[in-house]
Amino acid sequence: MQAEARSRALIIGAGISGLAAAWWLEKAGWACTIVEKSPSMREGGYIVSISGSGLETVKRMGLYEKLDEISYNFDENVVKDNGGRELLRLRYKDVHGGVDALAVCRDDLARVLANAISESVAFRFGDTVVKIEDDGTKAQATLSTGETLEADLLIGADGIRSSTRNYLCEGNKCLEDLGYTYAVYDIEGQPGLDSDCVSFNSPGHLDVLYTLRNNRVAALHIWRDDQTRLQDKQSQFDKIRHITSGSTKLVTDVISLAERNGSTPVVDRLTMVSLPNWHKGRVLLLGDAAHCLTLMSGQGAGMALASAEILGKELMSTNIVATALSQHERKLRPIIERLQQRSRKMAAMYIPKNTFMYHLRNFFLRFMPYSWIVSWHASSAKSEIDSTLS
Ligand SMILES: Cc1cc2nc3c(=O)[nH]c(=O)nc-3n(C[C@H](O)[C@H](O)[C@H](O)COP(=O)(O)OP(=O)(O)OC[C@H]3O[C@@H](n4cnc5c(N)ncnc54)[C@H](O)[C@@H]3O)c2cc1C
């Protein structure tokens, strides 16, 4: 007797959501191919904290111990003003109040996921999908090489600037710009941080530096601005230097080091994605492509993991793709909408919009009792985590 052919998924993007989806779909008995535009797994970057339902997913995937081994145990966040004066030392163990969370580099998380997925998942690096069709029985994807692949399900896990999304929503209609730009990069060297995480506030912008392993430091700059598009590396660094020109020397030293070492920052707008539907026929969007929460939420990667699990389990319980996709969206959407509401509020709070708000906030940080600040942060962290649980 001939074995029944496995259903096939074509996943666009080897980020957190694409890799997690491959893991769960394999478990559901599907055969997966991942098409990734980069020539190899993307390296470098920033720390993501995984908590709430994303962390529960990690545990059910049996990856908690592996990630725990390579996670960072940041002790405290030292909050300073733009002159370098210390306003507050916020100890993470006070803020998290016993809530379990793993802080890992995004690329380490991606590597652990890639190593965990079965060897039967086919990777096509350095390629992309240029055309998508769906005749109701199969989805067809034309690759940049001209080759056509057929799949029972095509998943667009291609991030915030997803091109698969055009299949569901033309242009920028589903994008909500929060009015900030961010730049993130890591550098080799120790510029002399006095803690493992230091953040510097300025009116209209925030700089965060944190120590990584192997003599590396990660930098994040976020600033309010118009929608200037910073296409090339030089204009990105020019802009970063311009917005940090009044910042402390430590920040400007890190930027010079990054420029000298040839770091390539990831620069993008804080943009939320809100679509009325995450699927159409046999095409589904996952992760940031479907519902980017922005870095303000601190739950984007976690929700990408949780979403992949919901999808995998729905596909285990039915072989009708349309039913699985509707159920996946029905379960996930209320959680995402709660988190998106939260992101809108957080951006305004972390980056005071003018000098008056900046001084007011710094005054509170310096003089408010530590226990009050901790209690506010702890309840905010708890409400964030509660938001991820259905
Ligand atoms: C500074 C910063 C801090 C963050 N902190 C946290 C945090 O603390 N906790 C948390 O949970 N989340 C955090 N996030 C959010 C989190 O990183 C994202 O939500 C998550 O990585 C999204 O994963 P993804 O797989 O959907 O998209 P991505 O990680 O963007 O992956 C998309 C992949 O698709 C590939 N791709 C793109 N276009 C194409 C194409 N046309 N063809 C083929 N491949 C393509 C890309 O190369 C990439 O590999 C943070 C984000 C930032 C920027």
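Would you check the accessible area of Lys66, probe 1.4 Å, heavy atoms only, in square angstrom rounded to 10?
Its accessible surface works out to 120 Å², give or take rounding.
Any idea of the accessible area per residue across the chain, 1.4 Å probe, to the nearest Å²? Walk me through the numbers before you get to the answer.
Details: 17670 Å² over 390 residues.
It amounts to 45 Å² per residue over the chain.
Can you tell me the mean projection area, over all orientations, of the convex hull of segment 243-338's alpha carbons? Units nm², please.
The number I arrive at for segment 243-338 is 8.7 nm².
Quick check on the chain: of the DSSP beta bridges with both residues there, what percent are antiparallel, nearest 5%?
Beta bridges within the chain, antiparallel portion: roughly 70 percent.
For Ile160, what accessible surface area do you get with a 1.4 Å probe? Give it in Å², rounded to 10.
30 Å²
Taking all protein chains as present, what is the carbon and sulfur share of the accessible area of segment 257-390, in % to the nearest whole number, probe 1.4 Å? Don't jump to the answer; show the numbers that get you there.
Values: 3680 of 6050 Å².
The computed percentage sits at 61.
Just list whichever of Lys66/Lys249; Lys93/Lys233; Lys66/Lys345; Lys249/Lys382; Lys66/Lys382; Lys233/Lys280 have alpha carbons separated by over 29 Å in the model shown. Don't jump to the answer; show the numbers that get you there.
Values: Lys66/Lys249 37 Å; Lys93/Lys233 37 Å; Lys66/Lys345 34 Å; Lys249/Lys382 35 Å; Lys66/Lys382 25 Å; Lys233/Lys280 37 Å.
Among Lys66/Lys249; Lys93/Lys233; Lys66/Lys345; Lys249/Lys382; Lys66/Lys382; Lys233/Lys280, the Cα-Cα distance tops 29 Å for Lys66/Lys249; Lys93/Lys233; Lys66/Lys345; Lys249/Lys382; Lys233/Lys280.
Leaving ligands, DNA and RNA out of it, report the carbon-plus-sulfur percent of the accessible area of segment 66-195 at a 1.4 Å probe.
Result for segment 66-195: 43 percent of the exposed heavy-atom area is carbon or sulfur.
Please go through segment 40-129 and write out the GluC sites (Glu not before Pro) that DSSP classes as loop and that have at most 15 other C-beta atoms within 10 Å.
Answer by residue number: Glu43, Glu119.
With a 1.4 Å probe and all protein chains in place, put Phe364, Phe125, Phe200 in order of accessible area, largest first.
Phe364, Phe125, Phe200
The values are calculated or read from the model by the stated rules, or taken from the named source; none is laboratory data. Please read all numbers here as calculations on a predicted model, not as lab measurements. Glycine gets a Cβ as well: all are built from the backbone with ideal geometry, and neighbour counts include every protein chain shown. In case anyone asks, the SASA skips ligands and DNA or RNA and just uses the protein heavy atoms, side chains included. Shrake-Rupley method; radii C 1.70, N 1.55, O 1.52, S 1.80 Å.
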